[in-house]
Amino acid sequence: MPASTFNGVCYNRLYAQNSSDTYQLPYGREYIKKWFWLDGDYIFSVVKYHKRY
């Protein structure tokens, strides 16, 4: 089920095991690990569109 950040194309889910499971960004800030997912219906529509050509 998509997260509240779903925009019709992609959404993200937390990947971190806990709040200290982070990446350090180049400018020093910590960022909680996340996965970004493409929506299956979106991928299907792109493939279907390109199969026509």
Inset, instruction - Count neighbours as other Cβ atoms within 10 Å of each site's Cβ, and list the trypsin sites (Lys or Arg not before Pro) in region 7-37 that are DSSP loop with at most 16 such neighbours. - result: Arg29, Lys33
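So with the 1.4 Å probe, I'd like the accessible area per residue for the chain, rounded to whole Å².
Roughly 91 Å² per residue, with all protein chains present.
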Legend entry - Cα-centre dipole for the chain with unit charges at Cβ (Lys and Arg positive, Asp and Glu negative), debye to 20: 240 debye
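Computed from the mean reciprocal separation of all distinct C-alpha pairs, what Kirkwood hydrodynamic radius does the chain have, in Å? Intermediate values should be presented prior to the final figure.
Values: mean 1/r = 0.0757 Å⁻¹.
When all Cα pairs of the chain are included, the Kirkwood radius is 13.2 Å.
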Legend entry - Integer Hz, Karplus 6.51/-1.76/1.60 couplings in order for region 18-24, x for Gly and Pro: 7, 5, 9, 8, 10, 9, 9
Inset, instruction - Search the structure for amide H atoms under 5 Å from the amide H of Lys34, placed 1.01 Å from N in the peptide plane, and list their residues when 5 or more places away or on another chain. - result: Tyr15
Legend entry - C-alpha long axis of helix 40-51 to longest principal axis of the chain, angle in °: 40 degrees
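The values are calculated or read from the model by the stated rules, or taken from the named source; none is laboratory data. Since the structure is predicted, the reported quantities are computational estimates derived from the model, not experimental observations. Glycine gets a Cβ as well: all are built from the backbone with ideal geometry, and neighbour counts include every protein chain shown. The area values use the complete protein model at the heavy-atom level, side chains included, leaving out ligands, DNA and RNA. Shrake-Rupley method; radii C 1.70, N 1.55, O 1.52, S 1.80 Å.
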